[in-house]
Amino acid sequence: MRLHRVRLCNYRGVADCEVELPAQGITVIEGPNEVGKTSMLEGLDLVLTKMDSSGHRQVKSAQPVGRDVGPEVEIEMSTGPYRFIYRKRWLRRSETVLNVLTPQPEQLTGRAAHERVDEILAETLDGDLWEALWIEQGAELWLPGFDVPSLVAALDTAATGQDAADEDDDLWSRICEEHERYWTATGRPKRDRTARQAEVEGAQSEVSELTDQIDSIDRDAAEADRLARDKGRLEVALAQYRKQASDLSEQWHETEQVRNRVDYLTSANEAATLRRDSIASEQQRRRELVDELSSRAEKLEELDARALQSAPALAAAISHVEQTAAALEAAQTALSVAESEQRRANEDRDHLRNRIEVEQLSERHERIVEAEQKLRKADNVLESIKIDEGLLAQVEQAHLAVVSAEAAIASVETTALRDLSIEVNDEEVALAAGEARHTVVDEDVMLVIRNTAEIRVRAGTGSQSLAIQRRHAHQEFRRLCEAAGVADQPEARRAAQERKDAARHRQEALDTIARDLRDLTVDRLQGKIEGLTKRVNAYTAERPDDPPLPPDFETAKQVAAGKARTVDEKREEFDKCNQAATSASDALQQERVDESSLATMIKMAREAKAQAADALESARSARSDSAITSELAQAEKGACAALESLDEAETELSAADPKSLKARLRNAQDATQRASEDLRANEDRQQELRISLSVRGEGGLHTRHAEALVHLRHLEREHQRTEARAEAARLLHDTFSRRRQESRQRYRGPFKERIEELGRIVFNSSFSVEIDGDLSVARRTLDGDTLEVDQLSTGAREQIGVLCRLACAAMVSPDGGGAPVIIDDALGWSDPDRLERMGAAIASAGQRCQVIILTCTPGRYAHIGNATTVRLPSDE
Amino acid sequence: MVKFLHTADWQLGRAPLFLSEEARSRFSAARVDVIGTIAALAATERCDFVVVCGDVFESNHIDRQVLVRALYKIRDARPLPFYLLPGNHDPLDASSIFRSPTFKEHGPSNVTVLESSAPVQAAPGIELIAAPWPNKRPLVDLVGEACHSLEATDALRVVCGHGRVDAMAPESHDPAHISLGRLEEKIESGVIHYVALGDRHSTTDVGDTGRVWYSGAPEPTDFVEDEPGNVMVVEFDRDGVRVERHRVGAWHFEYRDWELTTDLDVDALRDWLETPDNKERCIVRASLRGQVSVAQRARVDQMVDHFTDLLGGLEVRDGEGGLAVVPDDADLDDFGVSGYARAALSDLAELAQSDEHAVAAQDALALLYRLTRMSS
């Protein structure tokens, strides 16, 4: 599409302004802000989109202030094969005039003109491209995607060398539309398809239900037929059963008569038998009375004999009891004596043991007292003597040191050969004859034998230190002796020995005390001794002299043991006697019970015999024994005759087999009853089925079933067709989508190259971009540094946005296609150097497309070498 | 000579399931209307009565409307007597339509239901010996049983039966089949004089006597019938029989297998579909197989749509192996697409010959073909 001319009349502040635009190349329209420039773009939009009758806010705002005229816009443009002049005036004397110049001249006005222009634009102009190439001032500086049909077509042509992309894109839209008819955006079946599936299932269920109903009718009809057949059979059977029951009933009546006779004869037989049995029973009773009397008499005799025999045994038992009682008493006495002697012997034994214990405890007490004295003594020694083994060793060591020191130092021993007096170091020393004087030479020693000689003994050079050592040794020795409380070394040794002995004695005393006290204290030991002594003395005072106290404890122990054995023996003897006495007493008791019992029995036997004799006498007086015998013979005869008659009657009844007859009769009656019930049930069921079938048969079920089946088949067919179409649409869509994506991958190359070609002019030769799937710029690389477009500066993004549009327009616009790039005062964020370079890039792109730049900043686009500048008049 | 009209298998209430609702309605109505045609023919031919040998109704449970309309059609033919025999579709069981309240209420005086094998006087000296079906699955030769104890009398006897004749199904041993031998014996011995049969929808002369016939159905029922749409006007006596078939059916069925490979085959299919007269009462089934191009397939689809509108009914089935769409290069060129669309088209063409997604791919090609035609 190309714009050739735009004219505004009475449009805001513009009274009349016309701008000519070259078909190719760049036109810079300069005009004051918010007046000419903006009006130009707005007018272009209004004339293409708003009808002349429109009262849109945008239209109203285009009317000049204070003038009663309508805003008017006229454009001349070419798009596709069309070139036309299009004019509109709004609000006042509104009109639309279209004058199509090529390919066929057309002149239209009003709505027809507006609609024709819409039609032409829809046919020839890529609306998305038109919008994408329009950069408005102040609009967000986004980098659009160029996924617009024209560019895709151009890229496709570039990629494939064929020019069919327009059609393919149209086809793709149709494929998408087809796909959307069946599938949701998320790839799920659309609701109408799932609804149809549910409809099919509903229809299936209806068919199934009707089939069941028809089957049910068929089953019922078959049952009704069977019942009809059964009814005939049942009627015949019922008649047979009735006749059979009637015949058997008659037979049963006859048999009942025989049974009655048998019953009568049975009664007669029973009466005869009863009479015979009664008389026989009386005879038997008479015999029993005689036998009983005899038996009672025998019994009485036997008891009397037993009474005579039992009297001696009782006397013997009494005697035995007396004997055993005497023996028991003697044994009791002997046991008491033995126990008394045992007690005395035990007390003697204990007494003697107590005496021994008093002695032992007293000895222990004495030893303890003695040991306590020894302990106190030893403690005193230990208290007074300080020197122990360690201190002694130190003293002896110090003494040895003194001796060694003295041995080391020189000394002068002066022995008097006569009594004399000498001076030793100015000290007058008198020596008896033979007496010697020892003088240590720790320093020079002057010996003066008066009037005789002066002997100076000079100490050697080491004498002084030896003298010091000797002095220290003496000091140490004295200190230790003082600490030990001794005068010298021998005394120290003696004191140490004495202390050692005292310690040993102390330990011995402690051991003795511990051993003799054991678990007692001294007081308790003392108390125990006193208690025992008191008891011993008391026993000695109390005890009789006879028998004499055993001489010692051992003897007493043996005597006590002997007494204990004697007691055991006596007790055993007593137990035996006691047992014998008890047995004898029990035997006597038994004998007495037996005697009493026998006496009672004899009394009772005597009474029983008297009763039996009375009974027999009474019976014989009623009926004699001979009378009974005669009556019994007669009764037996009568009973035999009755039994014979009964046997005959029973034989007759048995031959009739009343049991079987009754069973057959009952069976025949039951069969009749059952057949009758079956027949009734059959008739009832038939009636029920007839009514039910009659009602259901009228419902036109077959027709409804057929219709339901038709409906189901129709739905199934529709469903299958729809599903097949859906699958086809999906397969078609998916296949195309995949191929389209692949193709897009190839498209990107030329577009990218074109952007980079322009970008290198603006930035430098390292400039490159990455293109996304929607043909938008994703990343820019400059001097090896790659950034997401969001990370770029506002100026850089704006520049790349302009370059993308120029690249797009340059690709789609040759031969008058595509749409012009319209730049409304963009690049406000670019510095002068960058503006200059942008100018060069725009100039380069402008050779292949129409670029219209509107600006209120003269000079901003001065660097576009081949631009045509149009200056809008400023009316205001 | 006695003259009567022999017909059977009206199957009132029947309509093929695959027909459209409109066609089903017309088809069903035609089966009732043919009663009027039959009555008119009987009047023209001066028939004494009409026997309908079984399957008068499609089922015992047809719509009440159909029953009432049929009964009124017969009523309109008064006084011409109609003798109706229950068959396997409408047996005389407990749910029999012949005993339904509607039938009892609206059954006209000129209708007699042949409910038993007891002889029925159809005209002076003429006895009908009927073998009605008591239920859907009889276990005996009903016709044979009905004739078994008959002896020759002065009357001329027409036996009315329904079912298959054993001679026509020698491989089957169904005890309910009608024994032709027993019938021919009775004919030979002069006990019976004509056997009017129903069940077979094609008009058929059975055996060699010329006295045993299936009249066929007055309106066709299915594609497999050889000669449906007739009724028989029968004239007979002891010495001879004259049978004349009359076409009364308004509908007809056409069926053919088609192997399509070339455009000529598709043209031939179109010509065949164009052939029938009274297309609105013609039900056609075409069974298609072979391999066609996408364009040919599109033509076939278009043709099916067209004739579905035109014909009484059109059922297109897949023949053995089905009708495969195998696109060739020329075919693909014919789509007029290029670039990625051409590549996608090739993918689909390849898929159309695969095993797994062939059907969907062929459908997709057909769809694409349609879409490209829309956009061009």
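Each reported figure results from applying straightforward, stated rules to the coordinates on display, with no laboratory input. Here the structure is a predicted model, which means the values were calculated and not measured. Don't worry about glycine lacking a Cβ; one is built from the backbone with ideal geometry, like all the others, and counts go over all protein chains shown.
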Next item on the list: Quick one: angle between helix B:358-375 and the longest Cα principal axis of chain B, in degrees between 0 and 90, rounded to 10, please.
Entry: 70
Check: Along region B:327-332, what does the Karplus equation 6.51 cos²θ - 1.76 cosθ + 1.60 (θ = phi - 60°) give for ³J(HN,Hα), rounded to whole Hz, x for Gly and Pro?
Finding: x, 9, 4, 4, 4, 5
Check: Given +1 on the Cβ of Lys and Arg, -1 on the Cβ of Asp and Glu, and no further charges, what dipole in debye does region B:231-309 carry about its Cα centre, rounded to the nearest 20?
Finding: 200
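May I ask for the net charge around A:GLU788, where only other residues with Cβ less than 9 Å from the Cβ of A:GLU788 are counted and Lys, Arg are +1 while Asp, Glu are -1?
In short, +1.
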Notebook entry, point to check: What ranking do B:SER354, B:SER202, A:SER336 get, fewest neighbouring Cβ atoms within 10 angstrom at the top?
Noted result: B:SER354, A:SER336, B:SER202
Checklist line | Acute angle (nearest 10 degrees) that the helix B:64-76 long axis makes with the longest principal axis of chain B, alpha-carbon atoms | finding: 50
Notebook entry, point to check: What residues have an amide H closer than 5 Å to that of B:ALA352, excluding those fewer than 5 places away on the same chain, when H is modeled at 1.01 Å from N in the peptide plane?
Noted result: none
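Can you say what percent of the DSSP beta bridges in chain B, counting only those with both residues inside, are antiparallel? Round to 5. Please list the in-between numbers first.
On the way: 17 of 60 bridges.
For chain B, the DSSP antiparallel bridge percentage is about 30.
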Notebook entry, point to check: Per the Debye formula with a single identical scatterer at each Cα and no solvent contribution, what log10 I(q)/I(0) holds for region A:481-560 at q = 0.12, 0.14, 0.17 Å⁻¹?
Noted result: -0.66, -0.76, -0.89
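What translational diffusion coefficient, to the nearest whole µm²/s, does region A:388-484 have by Stokes-Einstein, given a Kirkwood radius computed over alpha-carbon pairs, a temperature of 25 °C and 0.890 mPa s viscosity? Don't jump to the answer; show the numbers that get you there.
On the way: Rh = 15.1 Å.
For these conditions, the coefficient is 163 µm²/s.
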Check: Working out 0.36 nm times the residue gap between A:THR266 and A:LEU314, then minus their Cα-Cα distance, what length gain in nm do you get to one decimal?
Finding: 10.5 nm
Notebook entry, point to check: When Lys and Arg each count +1 and Asp and Glu each count -1, what net charge do the other residues less than 13 Å away from B:ARG281, Cβ to Cβ, add up to?
Noted result: -2
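Charges at C-beta only: +1 for Lys and Arg, -1 for Asp and Glu. How large is the resulting dipole of region A:168-302 about its Cα centre, in Debye rounded to 20? Display every interim value, and only then the final one.
Numbers: 23 positive and 33 negative charges, 185 e Å.
It works out to roughly 880 debye.
Summing -39500 (n - 2.57) over the DSSP H runs of n ≥ 4 in the protein assembly as shown and dividing by its residue number, what mean residue ellipticity at 222 nm do you reach, to the nearest 500 deg cm²/dmol? Intermediate values should be presented prior to the final figure.
Working: 27 runs with 720 residues, N = 1252.
Calculated mean residue ellipticity at 222 nm is -20500 deg cm²/dmol.
Between A:VAL97 and A:ASP833, what length comes free when the chain is fully extended (0.36 nm per residue of separation minus the Cα-Cα distance, one decimal in nm)?
Details: separation 736, 0.36 × 736 = 264.96 nm, distance 4.64 nm.
Extra length available between A:VAL97 and A:ASP833 comes to 260.3 nm.
Starting from the exponent 0.38 and prefactor 2.2 Å, build the expected Rg for chain B from its residue count and divide its actual Cα Rg by it. Don't skip to the end; give the middle numbers.
Working: Rg = 26.5 Å, N = 376, 2.2 N^0.38 = 20.9 Å.
With N residues counted in chain B, Rg over 2.2 N^0.38 Å equals 1.27.
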Margin query: 7 Å from Cα along Cα→Cβ at both A:THR869 and A:GLU396: what's the point-to-point distance in nm?
Written below: 13.7
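Summing Lys, Arg as +1 and Asp, Glu as -1, what charge do residues with Cβ under 14 Å from the Cβ of B:GLU350 carry, B:GLU350 excluded?
On the way: positive: A:ARG738, A:ARG739, B:ARG342; negative: B:ASP328, B:ASP329, B:ASP331, B:ASP347, B:ASP355, B:GLU356.
Neighbour charge sum, excluding B:GLU350 itself: -3.
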Notebook entry, point to check: With θ set to phi - 60° and the Karplus curve 6.51 cos²θ - 1.76 cosθ + 1.60, what are the ³J(HN,Hα) couplings of region A:671-688 in order, to the nearest whole Hz, using x for Gly and Pro?
Noted result: 4, 4, 4, 5, 4, 5, 5, 4, 5, 5, 4, 4, 5, 4, 5, 4, 4, 4
Next item on the list: Provide the per-residue ³J(HN,Hα) series for region A:828-841, in order, calculated from phi with Karplus coefficients 6.51, -1.76, 1.60 and θ = phi - 60°, each as a whole number of Hz, with x at glycine and proline positions.
Entry: x, 9, 9, 6, x, 5, 5, 4, 5, 5, 4, x, 5, 5
Item checked: R0 of 30 Å, Cβ-Cβ distance A:LEU274-A:LYS659: FRET efficiency to nearest 0.05 -> 0.55
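For each of A:LYS576, B:LYS104, count neighbouring Cβ atoms within 10 Å of the residue's Cβ, then give the residues from fewest to most.
Going from sparsest to densest Cβ surroundings: B:LYS104, A:LYS576.
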Next item on the list: Report the semi-axes of the equivalent ellipsoid for region B:122-239 in whole Å, largest first, where each axis is √(5λ) for an eigenvalue λ of the Cα gyration tensor.
Entry: 23, 18, 13
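Given 4 °C and 1.567 mPa s, how large is the Stokes-Einstein diffusion coefficient of chain A in µm²/s, with Rh as the Kirkwood radius over Cα pairs?
On the way: Rh = 52.3 Å.
Translational D for this selection: 25 µm²/s.
May I have the convex hull volume per residue, in Å³, for the Cα set of region A:239-301?
Working: hull volume 5.1 nm³, N = 63.
Taking the convex hull of the Cα positions in region A:239-301, it is 80 Å³ per residue.
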Next item on the list: Run the dipole for region A:388-484 about the Cα centre, Lys and Arg Cβ at +1, Asp and Glu Cβ at -1, nothing else charged, and hand back the magnitude in debye, nearest 20.
Entry: 240
Check: For labels at A:LEU520 and A:ARG746 in the simple 7 Å Cα→Cβ model, what's the distance in nm?
Finding: 13.3
Checklist line | Stretchable slack from A:ARG259 to A:ALA778, in nm (0.36 nm times residue separation minus alpha-carbon distance) | finding: 174.3 nm
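Using the Cα atoms as the points, what is the convex hull volume per residue of region A:346-404 in Å³?
About 96 Å³ per residue, rounded to a whole number.
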Margin query: If amide hydrogens are placed 1.01 Å from N in the peptide plane, which non-local residues have theirs closer than 5 Å to the one on A:ASP657?
Written below: none
Check: For B:TYR255, which sequence-distant residues (separation of 5 or more, or a different chain) have an amide H within less than 5 Å of its own amide H, given hydrogens modelled in the peptide plane?
Finding: B:ARG285
Next item on the list: Report the semi-axes of the equivalent ellipsoid for region B:207-259 in whole Å, largest first, where each axis is √(5λ) for an eigenvalue λ of the Cα gyration tensor.
Entry: 29, 13, 7
Check: What FRET efficiency do you get for A:ASN451 and A:GLN475 if R0 is 35 Å and r is their Cβ-Cβ distance, rounded to the nearest 0.05?
Finding: 0.35
Item checked: Cα radius of gyration and Dmax for region A:609-760 (Å) -> 57.4, 172
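Return B:MET374, B:MET303 ranked ascending by Cβ neighbour count within 10 Å, so the fewest neighbours appear first. Working shown, then result.
Numbers: B:MET374 10, B:MET303 18.
Listed from fewest to most nearby Cβ atoms, that is B:MET374, B:MET303.
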Checklist line | Nitroxide proxy distance, nm - points 7 Å out along Cα→Cβ at A:ALA622 and A:GLN669 | finding: 5.1
Note to self: Quick check: the distance between the Cα centres of region A:170-240 and region A:710-776, to the nearest angstrom?
What the structure shows: 45
Margin query: Once R0 is set to 45 Å, what does the formula 1/(1 + (r/R0)^6) return for the Cβ-Cβ distance between A:LEU382 and A:LYS528, expressed as a FRET efficiency to the nearest 0.05?
Written below: 0.85
Next item on the list: Go from 0 up to the bin containing the longest alpha carbon distance in region B:167-301, width 10 Å each, and give me the % of pairs per bin.
Entry: 10, 28, 24, 17, 13, 6, 1
